[in-house]
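To start, the structure under review is shown below, and the notes come after it.
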Number of protein chains: 2
Amino acid sequence: MSAVSSHTSTQSSGNNLDPWYGNYAARTAGLAASEVRALFAVASRPEVVSLAGGMPAVSALPQELVTESFNRVMAERGSVALQYGSGQGVPRLREQILDVMAMEGIRASADDVVITTGSQHALELVSKLFLDPGDAVLAEGPTYLTAIVIFKSFQADVFHVRSDEHGMIPESLREEIARLKGLGKRLKLLYMIPSFQNPGGVTLTWERRLEILEIARDNGILVLEDNPYGLLHFDTPPPPAMRSVEEDGVIYLGTFSKTFAPGFRVGWAVAPHAIREKLILANEAAILSPSSFSQLVISEYLETVDWRAQVDRFRGVYRERKEAMISALQEYLPELSWTDPQGGFYVWLTLPPYLDSKKMLPRAVKELVAYTPGTAFFADGGGHDNIRLSFCYPTPEMIRVGVRRLQTVISGETDLVSTFSSGAPVPLRSASTSFSAPPPNLD
Amino acid sequence: MSAVSSHTSTQSSGNNLDPWYGNYAARTAGLAASEVRALFAVASRPEVVSLAGGMPAVSALPQELVTESFNRVMAERGSVALQYGSGQGVPRLREQILDVMAMEGIRASADDVVITTGSQHALELVSKLFLDPGDAVLAEGPTYLTAIVIFKSFQADVFHVRSDEHGMIPESLREEIARLKGLGKRLKLLYMIPSFQNPGGVTLTWERRLEILEIARDNGILVLEDNPYGLLHFDTPPPPAMRSVEEDGVIYLGTFSKTFAPGFRVGWAVAPHAIREKLILANEAAILSPSSFSQLVISEYLETVDWRAQVDRFRGVYRERKEAMISALQEYLPELSWTDPQGGFYVWLTLPPYLDSKKMLPRAVKELVAYTPGTAFFADGGGHDNIRLSFCYPTPEMIRVGVRRLQTVISGETDLVSTFSSGAPVPLRSASTSFSAPPPNLD
């Protein structure tokens, strides 16, 4: 009897398959596969149109440019490419990164740059340096989902600040800071994606950038500016980076994943002097040194290829795909509202409030279209009536097919709700296709 | 007056240069550049013979093998190489890693393998998953210096277990476990480098492997088996890996940094099922996915090149260098004792107890030879009369030059000690050049 009940009890606690269950660190308790993960495995079948992922259009990068860069590196500096390197990264590449950042108004020294394994790893290392359990991180609402995962993995609490079609609302930031300080929280980081935000698609105005920097300065909060998409504007560039006006209070993150290719895993951080020294030590502890091979190939590419023209080519590809998505939304889902990004990878769609984007996902996969439910981008359960649509990877034709399938899904769900509701007509919002339209629900 | 004293107080606390000093996480307090770091920057001048680093002899890898692998990858799978990949790593490479590990007796499934950014990152991720502040990690004494840095970066305490020329002493492990349990410590990991240990150069016998696994099992301690050098034996292979006899209680770490090239940053972990699932999630949070580019080049290399013959070539290179080092030590420093490794990269030298290897380092750099002081490999201040000598990177000729310079340094320091001592003859130990000689001081 006791053996049986003990067995039952172990089963119900869900850990009988892991003999090391009791040995994990406290921070590991929150580490779990997302609920939509299994569904995404299904969604990777070729017949499914995925509007879910953030994979760049690497097919727009002529492969011979990569091959030529590689072959020159091996011919001229092969023994360096194959070897361990500096924990801070290759000096020449750090200089070239200054030219890349100058396009967004940033002036820095190559000494300020730390090369990381994608800018993702810079996010992880900064979090490791700064976050104690119970610390607070402020972020846009919605925000980048894997940033939430990282902050939580160091047992920090993520608090969202209301955002609208012009990005984070300064007054809401002031209020949230006051509220959290009142609760005795230690406010460690203000995480921002100011340009072509993931997932919102919105861009923080210049005036708000200045105002938010001032609020952060006044409150002693370090700004973590994540800027993977800034160079990928469709027409006019976004305002200069926040780092361009504030050196001591901003850690800036950049990457070659979107302007070159993610397969190399090369990103970087620019940090104030003392922080940068610690970042290098943390980088060395984590990986000894970033890949020499990847860094030298990118350095050679920047040296010998007209990389600005290639960025222009990427812009053209993404502009065309964004336009395909917006026009498909106008055609198939005119009763809904969405953001109309001026760069980057994502459109943020708002469903009628009676629909639940996560619950709707299995039906979508059945209809052969995938998206990311809005809840993935909130730490607090928000976003149930939102969807992130990615236009970066599928062709314009497939984007149209995907949105048409999404219409089928949404109609089906709406019918279902109508059937089980009192029979009253279902309210739908008016379409919002530009920044002058009413602000979408982004909080 | 008060402004001045406030200024002075800020200065004396040593943080006046870092406005974010008060914002770091508690774990960051222990993060500091090692004292020998600045000296190593000097030691990287070409006229200095470095016996300090652990850089593999990548010149022994024919570069055309890399170039051909790369060009085939780009021709056949370029769009995959440039893109994000799976957080667990490329499936084909995970299968090929099974063949590599089979050479050391390991049987596993490709599902059990997680590709990481060098095995260093696996060490970091495992530490993140398991270590709470105050947890205990057991390790050989001496042990790999960057493992100590990682464990401490998660605020764990590292305890060394006595080792001799046959590796960790099981009875000492039992005693240390009992002592730490008596102190109420949570024993989370037993970190081992069983074959051609860094820095000791010693190899754990088969009997001790079995006994230590049993001790770990009896005490519920997870073994972390780090095996970068196992395939690089000079004559006879080391005993099979600990993972070959124990699946549920061992996380095994492997790497291509020593059998191929470190510039790609590709290593791996093999972990019990439930731990492996968490490792993948932690890997994704930290870097999204390991470099597709690096993984595919290595996979192509393993597929199309006789990589076992290349490992043989590496063995020959390192055997020759090890022999050069041992014969130079016999010629120039016969009064000292050292380990005689049967594989790997390192010799562990024991100085007379009145010499301090860290204090002696500036003189060594002045004499144009560099080494790593023994203290770097202990968490507890041990190793002051030890030196790690690396024979992996310099040519046999330069190794001889380096050891001769080391003799000059040691003679000079010994003379200095004699001058300031009572004038009595300075005692020196007898040379120990094989495993049958008295055990070197490794604890």
Original post:
Can you name every residue in region A:277-314 that is among the aliphatic types (A, V, I, L, M), more than 9 Å from chain B (Cβ to nearest Cβ), assigned to a helix (DSSP H, G or I) and touching a helix residue (DSSP H, G or I) at 6+ places or on another chain (Cβ under 8 Å)?
Top reply: A:Leu279, A:Ile298, A:Leu302
Subject >> Residue pairs meeting the criteria (Cβ under 7 Å; at least 6 apart or on separate chains; first in contact (Cβ under 8 Å) with a residue 40 or more places away in the chain, in region A:54-76; second surrounded by 23 or more Cβ atoms within 10 Å (Cβ to Cβ) and basic (Lys, Arg)) >> reply: A:Pro56/A:Lys258
**OP:** Kindly indicate whether any position in region B:112-122 is within 14 Å of another protein chain (Cβ to nearest Cβ), crowded, with 19+ Cβ neighbours inside 10 Å, under 22 Å from B:Gly220 (Cβ atoms) and modelled with pLDDT of 95 or more.
**Re:** yes
Subject >> strands (runs of 3 or more DSSP E) lying entirely in region B:141-235 (those with 3 or more residues that are within 14 Å of another protein chain (Cβ to nearest Cβ) and closer than 29 Å to B:Arg265 by Cβ) >> reply: B:187-192, B:222-226
Original post:
Before we move on, is A:Ala274 out of contact with any strand residue (DSSP E or B) (no Cβ under 8 Å at 6 or more places or on another chain), within 8 Å of another protein chain (Cβ to nearest Cβ) and either in a loop (DSSP other than H, G, I, E, B) or open to solvent by less than 10 Å² (accessible area, probe 1.4 Å) (or both)?
Top reply: no
Original post:
Among the residues of region B:406-415, is any in contact (Cβ under 8 Å) with a residue 40 or more places away in the chain, under 22 Å from B:Pro262 (Cα atoms) and touching a Pro at 6+ places or on another chain (Cβ under 8 Å)?
Top reply: no
Subject >> Counted residues, region A:70-110 - those being within 14 Å of chain B (Cβ to nearest Cβ) and part of a helix (DSSP H, G or I) >> reply: 14
Subject >> Pair list, Cβ < 8 Å and 6+ apart or interchain, from region B:88-107 residues that are within 21 Å of B:Ser291 (Cα to Cα) and among the basic types (Lys, Arg) to residues that are at pLDDT 95 or above and not in a helix (DSSP H, G or I) >> reply: B:Arg94/B:Gln88; B:Arg94/B:Val113; B:Arg94/B:Ile115; B:Arg94/B:Trp268
**OP:** Sort through A:Leu361, A:Leu355 and tell me the only one that's outside any helix (DSSP H, G or I) and in contact (Cβ under 8 Å) with a residue 12 or more places away in the chain.
**Re:** A:Leu355
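Residue by residue, here is whether (1) at pLDDT 95 or above; (2) touching a strand residue (DSSP E or B) at 6+ places or on another chain (Cβ under 9 Å); (3) buried (at least 24 other Cβ atoms within 10 Å of the Cβ) holds:
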residue	(1), (2), (3)
A:Phe264	yes, no, yes
A:Gly267	yes, yes, yes
A:Val270	yes, yes, yes
A:Pro290	yes, yes, yes
A:Arg308	yes, no, no
A:Arg315	yes, yes, no
Original post:
If only one of B:Asp248, B:Asp312 is among the charged types (D, E, K, R) and either touching a Phe, Trp or Tyr at 6+ places or on another chain (Cβ under 6 Å) or over 25 Å from B:Gln88 (Cβ atoms) (or both), which one is it?
Top reply: B:Asp312
Subject >> Residue pairs meeting the criteria (Cβ under 8 Å; at least 6 apart or on separate chains; first assigned by the TED database to the domain that holds B:Val161, in region B:200-222; second open to solvent by 50 Å² or more (accessible area, probe 1.4 Å) and hydrophobic (A, V, I, L, M, F, W, C)) >> reply: B:Arg209/B:Val245; B:Leu210/B:Val245; B:Leu213/B:Val245
Original post:
Which of the residues that make up region A:240-269 are within 13 Å of chain B (Cβ to nearest Cβ), outside any loop (DSSP other than H, G, I, E, B) and not β-branched (Val, Ile, Thr)?
Top reply: A:Pro262, A:Gly263, A:Phe264, A:Gly267
**OP:** Spot the failing condition for B:Gly220; the list is (1) on the phi > 0 side of the Ramachandran plot; (2) open to solvent by less than 10 Å² (accessible area, probe 1.4 Å), and only one is missed.
**Re:** (2)
Subject >> Selection within region A:367-383 - modelled with pLDDT of 95 or more, under 16 Å from A:Val137 (Cα atoms) and surrounded by fewer than 24 Cβ atoms within 10 Å (Cβ to Cβ) >> reply: A:Phe378, A:Ala379
Original post:
What is the residue count in region B:122-173 for residues that are on the phi > 0 side of the Ramachandran plot and of a type in the set (S, T, N, Q)?
Top reply: 1
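The values are calculated or read from the model by the stated rules, or taken from the named source; none is laboratory data. Since this is a predicted model, take the numbers as computed values, not measurements. FYI the Cβ positions are ideal-geometry reconstructions off the backbone, even for glycines, and counts take in every protein chain you see. Only protein heavy atoms, including side chains, enter the accessible area calculation; ligands, DNA and RNA are left aside. Shrake-Rupley method; radii C 1.70, N 1.55, O 1.52, S 1.80 Å.
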